[in-house]
1. Ignoring ligands, DNA and RNA, what percent of the accessible area of the chain is carbon or sulfur (1.4 Å)?
2. Taking the Cβ of Asn8 as the center, what net charge do the other residues with Cβ under 9 Å away carry, scoring Lys and Arg +1 and Asp and Glu -1?
3. Three principal axis extents, largest first, for the C-alpha atoms of the range 95-144, in Å?
4. Taking a probe of 1.4 Å, how large is the accessible area per residue of the chain, in Å²?
5. Where the only charges are on Cβ atoms (+1 Lys, Arg; -1 Asp, Glu), what is the dipole of the chain about its Cα centre, to the nearest 20 debye?
6. Just want to confirm a number: the relative contact order over the chain, from Cα pairs under 8 angstrom separated by 6+ residues, in percent.
7. If you take the alpha carbon radius of gyration of the range 110-193 and divide it by 2.2 N^0.38 Å, what ratio comes out, to two decimals?
8. Only one of the values (i) 8, 25, 23, 15, 10, 7, 5, 3, 2, 1, 0; (ii) 8, 31, 34, 20, 6, 1, 0; (iii) 9, 35, 30, 15, 6, 3, 1, 0 was calculated from this structure for P(r) over Cα pairs in 10 Å bins from 0, in percent; name its label.
Amino acid sequence: MKNMNLPNKLTIFRAILILPFVLLLLGENKRWGWYHVVFGGIMEYVDYIALGVFIIASLTDLIDGKIARKYNLVTNFGKFMDPLADKLLVSAAMIVLVELGRIPAWVVIVIISREFIISGFRLIASDNHVVIAASYWGKFKTTFQMIMVCLMIVNIPRLQWLTDLVMWIALILTVVSLIDYLIKNKGVMQEQK
């Protein structure tokens with residue numbers, strides 16, 4: 001890891017943070033003995049600690065990309081691992097939130113399905129030497145998904161209306177961004193002659 005550049009180290013750090021994030025959120029629900037020994041005195045703050053870990057992990061996504069582009073540190077490892085770490089972080093968060101009863105499973109299925117479809121499109125495009133650029137719809141989708149996850153982590157009952165509203169906006173943007181990708185890149189699926 002010492003030979004890796006800073007953006008790639010940040011990406012690896014983001015992937016590593018997924019485990020403590022998941023353990024923080026799930027542990028309270030699972031009644032693990034060690035969990036209560038470690039967090040016994042601060043149990044009421046565990047969701048906020050998990051939120052902090054999630055926000056730190058999310059911020060590394062913003063930082064690593066900017067550093068890589070600004071200082072020409074883009075690598076094949078980064079091109080592969082950066083989007084993978086993002087998808088793992090958000091997917092892990094939403095799956096844990098399903099287990100905690102804070103988000104309907106069907107919403108998570110729609111969101112994760114969109115990611116699989118876009119990843120497949122990008123793979124085919126890459127084979128054809130076509131680069132599929134990120135769209136504004138995709139960026140808005142990611143922003144609202146992150147806000148949705150943050151609201152669901154803290155789970156404040158009086159803000160449930162806001163959490164629900166953000167979830168529906170994230171879901172609509174997920175579908176709209178998928179349709180936008182499919183329309184703009186429909187030629188990717190055509191057989192090359």
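1. Accessible surface attributable to carbon and sulfur in the chain totals 68 percent.
2. Once all neighbours under 9 Å are counted, the net charge is -1.
3. 43, 20, 13
4. Solvent-accessible surface per residue comes out at 59 Å².
5. Charge dipole of the chain: 500 debye, to the nearest 20.
6. Once divided by the residue count of the chain, the mean separation gives 24 percent.
7. 1.32
8. (ii)
The values are calculated or read from the model by the stated rules, or taken from the named source; none is laboratory data. Every value quoted in this text rests on a predicted model; they were computed, and no experiment measured them. With ideal geometry, Cβ positions are generated from the backbone for all residues, glycine too; neighbour counts draw on all protein chains shown. These area figures cover heavy atoms from the full protein model, side chains too; ligands, DNA and RNA do not enter into them. Shrake-Rupley method; radii C 1.70, N 1.55, O 1.52, S 1.80 Å.
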